[in-house]
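The values are calculated or read from the model by the stated rules, or taken from the named source; none is laboratory data. Computed from a prediction, not measured in an experiment: that's the story for all the values here. Glycine also receives a Cβ, built like all others from the backbone with ideal geometry; neighbour counts cover every protein chain displayed. In case anyone asks, the SASA skips ligands and DNA or RNA and just uses the protein heavy atoms, side chains included. Shrake-Rupley method; radii C 1.70, N 1.55, O 1.52, S 1.80 Å.
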Amino acid sequence: MLTSNDIQGLLAKGEHLSLECKLCANKLPNSLWETYSAFANSYGGYILLGIEEHREETDPSKRYSIEGVTNPDKLITDFWNLANDSNKVSVNMLSDDNVQVIDMDGKKVIVIQVPQAGYGIKPVYINGNLFNGSFRRNHEGDYRCTKRQVKAMVRDSYEEGNDGTIFAQCDMGDIDEETLRRYRTLFRYKNEGHVWNEVDDTTFLKNLGGCVIDKETGKVSLTMAGLMMFGTGLVVRDRFPNFRMDYINMCNLIGEERYSDRLTYDGRWENNLFQFFSIVLPKMTFDLPRPFRMEGVTRVDDTPQHKAVREAFTNSIIHADLMMESGVLRIEKHDDKLVFRNPGLLRIPVEQVYEGGVSFARNPKIQNMLRMVGYGENLGSGFPMILAAWKQSGWGEPVLKEKLDLDEVELDLPLKAVTENVTENVTENVTEKLSERQNRILDIVSRNPNTSIPTIAAEMKVSIMTIRRDIEKMSNRLRRVGPDKGGHWEIIE
C-alpha cells in the first residue's frame with residue numbers, strides 16, 4: 001500500500017509509463033478505462049484520481065495540484081460496479097487491496113493499482129470491442145493497439161503455444177532431407193538406443209510433433225514446428241513471408257565496413273530454424289575463452305559461458321512469435337557484447353524470467369525438438385543459468401529488454417569486464433563497481449531517504465522485483481533503517 005510520501009515521490013517525476021493522474025471530483029472519467037486496459041496490457045501502474053496535471057507548467061513543483069475527490073466511497077462503488085461489468089471491461093483483475101484512499105493535505109485521493117495482466121487473459125479490452133478497445137502504454141500516455149498487436153496477444157493467450165498449427169497444404173515433400181538427416185544424426189548421438197532411431201522419417205517427425213497423420217486418409221500435414229525447423233527454404237518463405245532470420249558480425253570492423261560476416265537468406269542454405277541455429281551457433285562461440293581443463297585423459301572445452309550462449313540462442317527461437325508481421329530473429333556479435341533479438345514480447349513479467357522456475361514457450365514443440373538433441377535447460381532454469389555463468393565470467397550482468405514499440409525482446413550479453421582489474425584472486429576489500437541502474441537508485445535515495453521500493457521502481461520504469469534484486473546486491477552501500485512503512489534509507493559511505 002502506498003503512503004502520501006510515496007505519491008509525492010511519484011508526482012515529482014511526472015506522468016510516465018506506470019503513472020496516470022486524472023482530475024476527478026464526483027464522477028469517474030471515461031478515460032480511466034483506457035488507462036486500465038493500457039496498464040494491464042503493458043507493465044501495470046498507478047491511476048491517481050483527484051490530482052490535476054498542468055501540462056503547460058514547466059516547474060515540476062507546480063506541475064500537479066491536489067484537488068481531491070468529494071465522495072470517495074461513491075466513486076469506489078461506481079468503479080467496482082463497472083470493473084465487474086463484462087460489457088465495460090473484458091476482465092477484472094483487481095482485489096480490494098488494489099484500491100485505496102489516501103489523505104493528502106486534507107484532501108482525498110483515490111489510488112488504483114492495476115497489475116500487469118497474465119498472458120492467458122490478454123488483451124484486456126473495454127466496451128466489448130477487442131480491436132478498438134485494447135490499449136497499451138508508452139511515455140506519451142495510452143494508445144490504441146494496432147490489429148497486429150491485438151492478434152499477437154490473442155496468439156499468446158493459447159496455453160498450448162503456437163507451433164502446433166497444422167498446415168494442411170504442406171507434407172513431407174516440403175521437408176529438406178539434408179536438414180532432417182543432420183538432425184536425426186545428432187538425435188541418434190544424443191539418444192543412443194532410443195526406439196525412435198529405428199522408425200522412418202515420417203513417423204520420426206510425427207513423434208516429435210512436426211507433423212500429423214490423418215487416421216482415415218493417411219494424409220500427412222506438417223505442423224508449424226515441423227516446417228520451421230526442417231522445411232525447405234522456399235516453402236518456409238512462402239508460408240512466412242514476413243519472418244526472417246539474420247546473423248550479423250560487427251566485430252573488428254575496418255573503415256566503412258558495416259559488418260565482417262553475415263548470414264541471411266541468399267539461396268545457399270535452407271531457410272529453416274535448425275540450419276540457422278547449426279550455422280550461427282559456432283560463429284557465436286568459437287572465440288569465447290576455453291580454459292584448459294582435463295577430465296581424466298580427456299580435455300573438456302565446454303564452459304558455463306558456452307552453455308549460456310547456447311541457452312540464449314535457444315530461448316530466442318522457442319520464444320519467437322513466428323507469425324509476427326515483419327518479425328526478425330536477429331543474432332548479433334559485437335566487440336563488446338552478444339545480442340539476441342526475437343519478435344514477440346515476453347509471456348511472463350521480466351522479474352519472473354530473472355527468478356526462474358516458470359517457462360511458457362511460444363513454440364513448445366520446437367523447444368522439445370531442441371531439447372531432445374541437447375539444447376535448452378529444464379523448464380524455467382535457463383535464464384538463471386545464463387546469469388550465473390556471466391557472473392562467473394566477470395563480463396557484466398546480462399540485460400533483458402522488452403521493447404513494446406517494436407514488439408521485440410532483446411538479450412544483451414556483455415563481453416567486457418565491469419571492473420578494470422578482474423583476476424581470480426580478488427581481495428575482500430575491493431568494492432564492486434555499481435551498475436548505472438544501481439547508481440540511479442543511490443541518487444534517488446539520497447534525494448528522498450523516505451522513498452519506497454515501489455516509488456523507485458515507478459520512477460525508473462522497471463519492475464519492483466528488479467529494484468529489490470539490485471538493492472540486495474548493494475547491501476554494502478545501502479541499508480534500510482526501520483520498517484517498510486515509516487522507515488528510511490541510509491547510504492553507507
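Annotations
- Note that the chain presents 50 Å² accessible area per residue, ligands and nucleic acids not counted, probe 1.4 Å.
- Each residue of region 238-250 is assigned a 3J(HN,Hα), and the resulting list reads 5, 7, 10, x, 9, 10, 9, 10, 8, 10, 9, 9, 10 Hz, derived from the Karplus form 6.51 cos²θ - 1.76 cosθ + 1.60 (θ = phi - 60°), x at Gly and Pro.
- Entries of LYS147/LYS333; LYS190/LYS337; LYS62/LYS401; LYS403/LYS461; LYS416/LYS461; LYS27/LYS107 with Cα pairs more than 22 Å apart: LYS147/LYS333; LYS190/LYS337; LYS62/LYS401; LYS416/LYS461
- Region 160-206 and region 48-70 have their alpha-carbon centroids 62 Å apart.
- Note on HIS488/ARG437: beta-carbon distance plugged into 1/(1 + (r/R0)^6) with R0 of 22 Å gives a FRET efficiency of 0.55.
- Length released on extending from ILE279 to SER4, taking residue separation times 0.36 nm less the Cα-Cα span: 93.3 nm
- Across region 194-288, Cα-Cα pairs farther apart than 20 Å form 53% of the total.
- For the chain, the spread of Cα positions along the three principal axes, ordered from largest to smallest, is 78, 65, 47 Å.
- Computed from the C-beta positions of VAL399 and ARG262, the FRET efficiency with R₀ = 22 Å rounds to 0.40.
- Take the Cα of GLU57, step 7 Å toward its Cβ, do the same at THR217, and the gap between the two points is 6.9 nm.
- Theoretical FRET efficiency, 1/(1+(r/R0)^6), r = Cβ-Cβ of HIS334 and GLU198, R0 41 Å, to 0.05: 0.35
- The alpha-carbon atoms of region 17-166 define a convex hull whose volume equals 117 cubic angstrom per residue.
- Under 5 Å, built H, 5+ apart or other chain: amide partners of VAL89: ASN127
- The label-point distance for PHE131 and GLU355, in a model that sets each label 7 Å from Cα toward Cβ, rounds to 3.7 nm.
- Scaled against the 2.2 N^0.38 Å expected of a compact globular protein of N residues, the Cα radius of gyration of region 180-224 reads 1.23.
- Length gained when the stretch LEU23-VAL101 is fully extended (0.36 nm per residue, less Cα-Cα span): 26.6 nm
- Cα gyration tensor, region 145-256 - rounded (a/c under 1.5), prolate or oblate: oblate
- The slack between GLU178 and ASN138, meaning 0.36 nm per residue of separation minus the straight C-alpha distance, is 9.8 nm.
- Rg to Rh quotient for region 129-170, alpha carbon positions, Kirkwood Rh: 1.15
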